[in-house]
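Data block below; observations after.
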Amino acid sequence: MAGFSVRFLGCKVSYADAQLIRERLLADGHVERDDEAEIAVVNTCCVTHEAVRKSRHAAARAAREHERVYVTGCGANLAADGFAGLPDNVVVVARRAEETAGFVARDVGPIGCVQADAKLDRVRAFVRVQDGCSFSCAFCVIPIVRGPSRSRAAEAVLREVRKRVDQGHREVVLTGINLGCYRDREARYALADLVRAAADTQGLARLRLSSIEVNHVNPELVAALRETPNVARHLHVPLQSGDDPILRAMGRRYDSATFLRRVRPLADFNLTTDVIVGFPGEDERAFRGTMDVVAEAGITKVHVFPYSPRPGTATAAADPVPAAVKRERSERLRERSRLASLARWRSKLGREDVVLVDRPGRGYGDDYSPWLLRGEIGELVSVRGRAVTEEGILAA
Ligand code: SF4
């Protein structure tokens, strides 16, 4: 039996990958420990240069504190080896997500002897339904590191949702790299069907989607989101840019008008997004176009990514926008996002919401707006907004 710790960097898919490894090691009889673990798993991210730097830093630190370290995930699969030169106790696992947990478990060895219980975050579970991406956005390294799009069978997904609810999770987030590509051709399930079926799981308080490309926000999906009471009124739709020439150069498959048209039926939802700032060719006019689309779409939270070229991508050699300009535009966009979030939270004052408490003193409302309140973790609490702070809505 070995003691192990697992951490992840990056997005919800990285979190789900890390969970798979963790559960596999627990099932093999190993024990999760916060300190003095012999084995450490670092599930890495490579979405930006900075993400790789942080991943490498986490791996180097783990190598000093543990006997053996497994570096897994997107960063480990990046062609340019960001983890070269680390100590000998570091094993870089450059494998697809589906194979990684099995590889790590076999390499750790058959030393397990008891079936341990997973110490799970009881409130929220991330269930991966799809992996990989067959698009080819000019800036994106994901298709290289995660391969083409593939989907899990609907039956397997629904079984896992059932299992998570039985384990005590109140909320399930369906995750994928390009979630809207979800298809189970045999069962004739697209994402909208999966949403309806998963939400139907007895005991599931809330269902959310992690992120979806705007091309996939179609009438069937909108209807499924609207007609299913326990689906959160929140959608994360990456915009990346609001300027049409930049969107074309990025290889995105929509223009700004299409983006706005597709999210319009969800105008009452809490819409959040990702934006890349300082993509090659982005001038002040193009950046203002992005600010305008963010405002017109009614987007609240913007995850701002200053552009950084990734190896192997179409724009790997291009990075003409100065760092100071990227920083200044990023700050402007983050400020716009902060103000839009505060405005949405203020609109809830005096109104009722149902909040799922996920941490001491905190939780998320029906549309994934953050609330500050009292309540048991995992409890659904009916609240009324009293005031707004920088951190969320204060419950009366
Ligand atoms: S849709 Fe584009 S940005 Fe998203 S993972 Fe695929 S290639 Fe990358």
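Out of the range 126-184, which residues are within 16 Å of the ligand (Cβ to nearest atom), aliphatic (A, V, I, L, M) and over 27 Å from residue 356 (Cα atoms)? 138, 141, 142, 144, 145 - these are the residues of the range 126-184 that are within 16 Å of the ligand (Cβ to nearest atom), aliphatic (A, V, I, L, M) and over 27 Å from residue 356 (Cα atoms). Within the range 306-357, the set of residues being part of a helix (DSSP H, G or I), farther than 14 Å from residue 392 by Cα and polar (S, T, N, Q) comprises just one member, 330. Has the range 186-204 got at least one residue that is within 16 Å of the ligand (Cβ to nearest atom), of a type in the set (Gly, Ala, Ser), part of a strand (DSSP E or B) and at pLDDT 95 or above? There is no residue in the range 186-204 that is within 16 Å of the ligand (Cβ to nearest atom), of a type in the set (Gly, Ala, Ser), part of a strand (DSSP E or B) and at pLDDT 95 or above. Within the range 241-256, the set of residues being under 21 Å from residue 181 (Cβ atoms) and either free of Cβ contacts under 8 Å to residues at least 60 places away in the same chain or out of contact with any strand residue (DSSP E or B) (no Cβ under 9 Å at 6 or more places or on another chain) (or both) comprises 247, 251, 253, 254, 255. Scanning the range 218-242 for residues that are more than 16 Å from residue 299 (Cα to Cα) and either assigned to a helix (DSSP H, G or I) or among the charged types (D, E, K, R) (or both) yields a total of 9.
Just one of the numbered conditions (1) closer than 25 Å to residue 143 by Cβ; (2) of a type in the set (Val, Ile, Thr); (3) buried (at least 21 other Cβ atoms within 10 Å of the Cβ) is not true of residue 258: (3). On the given criteria, is residue 235 buried (at least 17 other Cβ atoms within 10 Å of the Cβ), more than 16 Å from the ligand (Cβ to nearest atom) and without any contact (Cβ under 8 Å) to a residue 60 or more places away in the chain? In short, no. Scan 104, 127, 114, 47 and give me the residue that is at pLDDT 90 or above, of a type in the set (A, V, I, L, M) and not in a helix (DSSP H, G or I). Only one candidate qualifies: 127. Within the range 243-266, being under 22 Å from the mean Cα position of the chain (by Cα) and more than 16 Å from the ligand (Cβ to nearest atom) holds for 263, 266.
The values are calculated or read from the model by the stated rules, or taken from the named source; none is laboratory data. From a predicted model like this one, the values you see are computed outputs, not experimental measurements. Neighbour counts run over all protein chains shown; Cβ positions are idealised from the backbone, glycine included.
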